[in-house]
Amino acid sequence: MNSWQKPDPAQLAVRYGQVEHLLVQRDFVAQYARVGLAEFSIPGASKTWIGRRRLPGEMEPAEGFADIVAAASQEIWEIKPEGASREAAEELASKEASWYVLHAKVQCGPQWRLGTSYSTRDGTGRVWFVESGGNRAELFAYQARAGAVLYYWRINGKKVENIVREDIWMSLGLRDVVVGQLYPPKGAGAPLPGRPGNNNGKEKWEPVKYRPPTFARGGALIPALARLADVLLRSIRSLCCVRLPEGGAVAVLIPTDIYEAVESQPRMQRTKELMQPRTDPTARLYREVLMLLQGASAGQGLVGMVIYANWALAQLLEIGAIGLTVAVLRQSASAAVANLARAPAVLQTFGASVSGLTMLGARSAGAAELPVFIVPRATPRDPSTPVSLSAYSPLYLELTPAEAPKAEIGEERKIDGTVYRIAGLAVWDRPA
C-alpha cells in the first residue's frame, strides 16, 4: 500500500453514498489504536476486473482503493448501504474486500485479512447526526460479515432503507447540510460542489487529509493550561480523536468558574506572589490541597495507585494564578488500588467525586490520560482549610472544518446544563 485516493467533493451533495462513505471513514480514521486509513491504494487491485476474466491484450489493472483499512491489525473493509437487502449488501462488500485482501497479500504481505473488528468511535454505532429544519438525521454503521461495513440512516428516529428513493428532496437537503459542515464556505454565496453555477462541478477542491491535533501552528491554549499542553494532547488523542480532517479542530472546554479562577490574575502578579508568603484565604486553601495530596503521595504512595475503576493517579501539577491542583489520571491494568478509607476524610471526598466524571467512561484505546481539576470547598468559619474536594475534567468537542474557524478562546458553550468556556483549540497539524 503506498498512497491514498481523495474523495470527490463535487459529487458529495448530489450522489447517494458519497457523503455516507466519507462520514464512516472520518469516524474510523479518528480512532486511536487502529492506525486507520481511508481510500488507501493497493497495487493492481482495481475493481474493474472483479468477476470477469482478463481479456487478451488488456493492460495490467491499475491500483485499487480500499474504503478503510486498519494498519495496526492488518484488516480491510468495504463500506456499503444496507438498503432493502442486508444479505446482498454484505455479500457485495465482502466480495470486494476479499479482492483487496487477495492483492494486499501479494503486494503488501501475507498478514492482511478481512476486517471483523469494525466499531464506531463511541461504540454506539452512530457516526454522525445533524439537526436542521425541524428534522433529526442520524447515520449508523456496523460490522456485518467479514470485510463488510454497512450503514443506514435514521430520520426522526425511523430507520430509512433508501433515503433517495423515499424522499429525494430530504436526501439533497441533508447532503447540503453535511457538506456545509464538512467543508468551510469559500466565500459569501459560494455554490455547493456539483451544483449549477460552479463550472459544472469542475471547481477544484482540496482532498481530505487527516493529521494529529496540535496546539501549535494555529492552535491556542490559555496560558494557565500551558503546563498541561502535552497531557491534554495525549488525552485528546486517546479519548476524542487521534487524527483530524484538514481544517478541523478540537475545543477544550472547562467549567466557567474554573476558567475564571485560573485566568483571574495577570502572570506578573503571579510571579510576585511566588516570592512572598500567601496570606489570602483562597490562596491558602488551594495551597493546602496541593500539600494534602503531596503528603498522601509521600506517606501512602498515592501516586501510581488506582483511584477509580482502572484509572490511576499519575501526576500532580499546580496551574494558574490561584495555584489550582490538577491530578493527571492514566489508565492502568496493573496498578494497585488505593485504600482511600485510611486516607483523611477530605481525600475520600475526592475519590467519590472522581467516580462521577463522565469522561472516565469514554471509549479509549491504549493508556488514556485525563487531567482532573481539583476544586476545594471550605466553611465560612475557616475559609483556608479544605473540607471536601470536587473533581472536574475538561470536555473535548470536535469541530468540523466549517465550525473551527468560528470558535474562539473564552467562548461560552452550554452542555447538559453546565456552562463551559473554550480554554484551548487543538487544530489540524499542518506541515511546518
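Every number here is computed from the coordinates shown, using simple stated rules; none is lab data. In this text, all values refer to a predicted model and were calculated from it rather than measured experimentally. Reconstructed Cβ throughout: ideal geometry from the backbone, glycine too, with neighbour counts over all protein chains shown.
Between the residues 315, 244, 258, the greatest Cα displacement towards the positive end of the dipole of segment 213-428, with unit charges on the Cβ of Lys, Arg, Asp and Glu, is found for 315.
Only aspartates and glutamates eight or more places from residue 209 in sequence, or on another chain, were considered; those with a Cα closer than 18 Å are 8, 20, 27, 39, 67, 246, 398, 403, 429. Karplus-derived 3J(HN,Hα) values for segment 27-40, using 6.51 cos²θ - 1.76 cosθ + 1.60 with θ = phi - 60°, are 5, 6, 4, 6, 6, 4, 8, 6, 6, x, 9, 10, 6, 8 Hz; glycine and proline are entered as x. In this rough spin-label picture, where each label sits 7 Å from Cα along the Cβ direction, the residue 126-residue 408 distance is 3.0 nm. Remark on residue 324: its backbone amide H falls under 5 Å from those of 319, a criterion applied only to residues 5 or more positions apart or on other chains, H modelled at 1.01 Å from N. The simple spin-label model puts a point 7 Å past each Cα toward its Cβ; for residue 315 and residue 159 those points are separated by 4.6 nm.
Against the empirical curve 2.2 N^0.38 Å, the C-alpha radius of gyration of segment 313-423 lands at a ratio of 1.25. Counting neighbouring beta carbons within 10 Å and listing from fewest to most, the residues 65, 350 come out as 65, 350.
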